[in-house]
Protein chains: 2
Amino acid sequence: MKPNRIARCAQLAMLLEVSATPKPGNIDRDHNYPDTRFEHFLASSAGVYPVLEKAAKSRSGVGSLIRCAVIESNRWQDGGNTHFGAFILLIPLVMAAGRCTNKACLKAQVRQVVRETSVDDAVELYRAFSEAKVRVKPVDELGLGDASSINKIKEQGLTLFELMEIAESYDMIANEWINGFERTFECAASIRDKVVEYGINDAVVITFMEFLSSNNDTFIQTKFDSKKAEEVSMRAKRILQKGDINVIRNDIRSFDEELLKEGVNPGSSADIIIAGLFISLFEGMKF
Amino acid sequence: MKPNRIARCAQLAMLLEVSATPKPGNIDRDHNYPDTRFEHFLASSAGVYPVLEKAAKSRSGVGSLIRCAVIESNRWQDGGNTHFGAFILLIPLVMAAGRCTNKACLKAQVRQVVRETSVDDAVELYRAFSEAKVRVKPVDELGLGDASSINKIKEQGLTLFELMEIAESYDMIANEWINGFERTFECAASIRDKVVEYGINDAVVITFMEFLSSNNDTFIQTKFDSKKAEEVSMRAKRILQKGDINVIRNDIRSFDEELLKEGVNPGSSADIIIAGLFISLFEGMKF
């Protein structure tokens, strides 16, 4: 597939994810946070295009591509962090797509892309974190925005894959890196299976709810604590048990309003949905 | 400005326009038509990116670029005509932006781009019309989708600019071509002037309502008749007279519901708003 086609799939994935509504706690076409709005996500999605296209042509440089994506995203909007976590998943997936000779080999290729990352990639990601002031749990004693951390990474010769290994147990995005993007591919399959019956909006909403119900969101865990993340999962689970999307839509809406009011946004789950949408579009999903 | 920066402004203009709500009669983030949905507009906006970037680098070929844009837009979604009229305005504007050495010269450059169009450009646009099966009033005896029309254009040596001159009196998009994109630049100024006070969504909504109130929409005129287009304008005018956006929001919503129910969509006005948004983003508008 041509690099510009891969990049457009990634961009469309970002647009479809942020548009899907209601998506409890997260920004969507009908819900904003005071300083970050739906339109900031649109601007970030448009702004990052050249980096996505570059990634589809690149054989290496995951870390610096993620950093470029963050810089470009921030240049096009003032709403703060919109897609940082998404880029950590999307960039290696887009690079892997660029290597694929057929659509079925994406899974094998992305495993390879992340395993091939270098110490430089780790340093670049750390730079991106500190530049973007993203809320994230520091890996071990490697404090973020701390110049000495970058020196430590270099001294210890930690690759980006190895950094992700350290974070794997408590960070769902790092976990995807280590475990072959398994949950991301599951999300892709779920969206693709639901799109004909439910349409693209509801396919994303149901997949998001299902994902939330069986995973504690890292972003909530970092912003609040693991109890809060567990509560949110349990709540999603109970709503899903009540019936199909048309039965539970109002429950999802109330859940959404509550989370938004408390500022509880399952941002990492949204990142995985974006990556899942990319896979399903890359594999040919129509809607 | 770099071609990829110009293309991203054009793409973001498309995204911001379709998202703005409520926009009486047209698709927006909260309103769909049965066969054409908000997500089709997102897919068209993502899909057309490479053509926009190519246009920003092109010195000629307006007609074939518009045709490519339509083909690419349709390749990425099955919702039918989403952005045809918008491309007729955006493509020459994007080409003009690519020629600009400073942001102030866009108006002069776009006048030149349209005046330089050729017979080939006219033929390519006619081909695009017939391929896309867009609802449009044929120019004089030049029937659309009619191979003999293309021969007539060639025989008479009509350039695309000259075709637009024939249509100028009854088609607001053709009128923009002939009159230096005057109303489009007015829309750009209006959006830019309102964005700080009202935010980007409402800046677009108010500008759309004001535009509608003083122009009979070509798309409505072609689909219904000029009486209907006039009615819609009068209705928009009366609503605007009641007060500011926060006072009239519910009136705009009711107006929207009514037009959607009747299938009365002021599509040409939306096209001009997209082009206006492009100009304001190109000129540096932040939101």
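With the requirement that a residue be surrounded by 14 or more Cβ atoms within 10 Å (Cβ to Cβ) and either at positive phi or assigned to a loop (DSSP other than H, G, I, E, B) (or both), what does region A:240-266 give you?
A:Val264, A:Asn265, A:Pro266
Name the pairs: first residue in region A:1-13 and surrounded by fewer than 18 Cβ atoms within 10 Å (Cβ to Cβ), second residue in a loop (DSSP other than H, G, I, E, B), Cβ to Cβ under 9 Å, at least 6 apart or on different chains?
A:Met1/A:Cys100
Just for region B:162-177: of the residues that are hydrophobic (A, V, I, L, M, F, W, C) and crowded, with 20+ Cβ neighbours inside 10 Å, which one is farthest from B:Pro266 (Cα to Cα)?
Ranking the candidates gives B:Leu163 first.
Would you check which residues across region B:204-217 are part of a helix (DSSP H, G or I) and free of Cβ contacts under 8 Å to residues at least 60 places away in the same chain and list them?
Hits for region B:204-217 are B:Ile206, B:Glu210, B:Ser213, B:Ser214.
From the set of residues in region B:221-239 that are touching a residue at least 60 places away in the same chain (Cβ under 8 Å) and under 17 Å from B:Asp28 (Cβ atoms), which is surrounded by the most Cβ atoms within 10 Å (Cβ to Cβ)?
Among those that are touching a residue at least 60 places away in the same chain (Cβ under 8 Å) and under 17 Å from B:Asp28 (Cβ atoms), it is B:Val232.
Take the residues of region A:29-55 that are free of Cβ contacts under 8 Å to residues at least 12 places away in the same chain and at the interface with chain B (Cβ under 9 Å from one of its Cβ atoms): which is surrounded by the fewest Cβ atoms within 10 Å (Cβ to Cβ)?
That would be A:Asp30.
Filter region B:178-205 down to the residues that are surrounded by fewer than 21 Cβ atoms within 10 Å (Cβ to Cβ) and aliphatic (A, V, I, L, M), then identify the one that is farthest from B:Val114 (Cα to Cα).
B:Val196
Kindly indicate which of A:Val114, A:Val139 is at pLDDT 95 or above and either crowded, with 21+ Cβ neighbours inside 10 Å or touching a strand residue (DSSP E or B) at 6+ places or on another chain (Cβ under 8 Å) (or both).
Result: A:Val114 is the single residue among A:Val114, A:Val139 that is at pLDDT 95 or above and either crowded, with 21+ Cβ neighbours inside 10 Å or touching a strand residue (DSSP E or B) at 6+ places or on another chain (Cβ under 8 Å) (or both).
Could you tell me which numbered condition B:Gly63 fails, if it satisfies all but one of (1) crowded, with 24+ Cβ neighbours inside 10 Å; (2) at pLDDT below 95; (3) touching an Asp or Glu at 6+ places or on another chain (Cβ under 7 Å)?
So the condition that B:Gly63 fails would be (2).
Any idea which residue in region A:267-284 is farthest from A:Ile27 (Cα to Cα), counting only those that are within 14 Å of chain B (Cβ to nearest Cβ) and crowded, with 19+ Cβ neighbours inside 10 Å?
So the residue we want is A:Phe282.
State yes or no: is B:Gly85 within 30 Å of B:Asn250 (Cβ to Cβ) and either part of a helix (DSSP H, G or I) or more than 14 Å from chain A (Cβ to nearest Cβ) (or both)?
It is true that B:Gly85 is within 30 Å of B:Asn250 (Cβ to Cβ) and either part of a helix (DSSP H, G or I) or more than 14 Å from chain A (Cβ to nearest Cβ) (or both).
The values are calculated or read from the model by the stated rules, or taken from the named source; none is laboratory data. Everything quoted here is computed from the prediction, not taken from an experiment. Glycine gets a Cβ as well: all are built from the backbone with ideal geometry, and neighbour counts include every protein chain shown.
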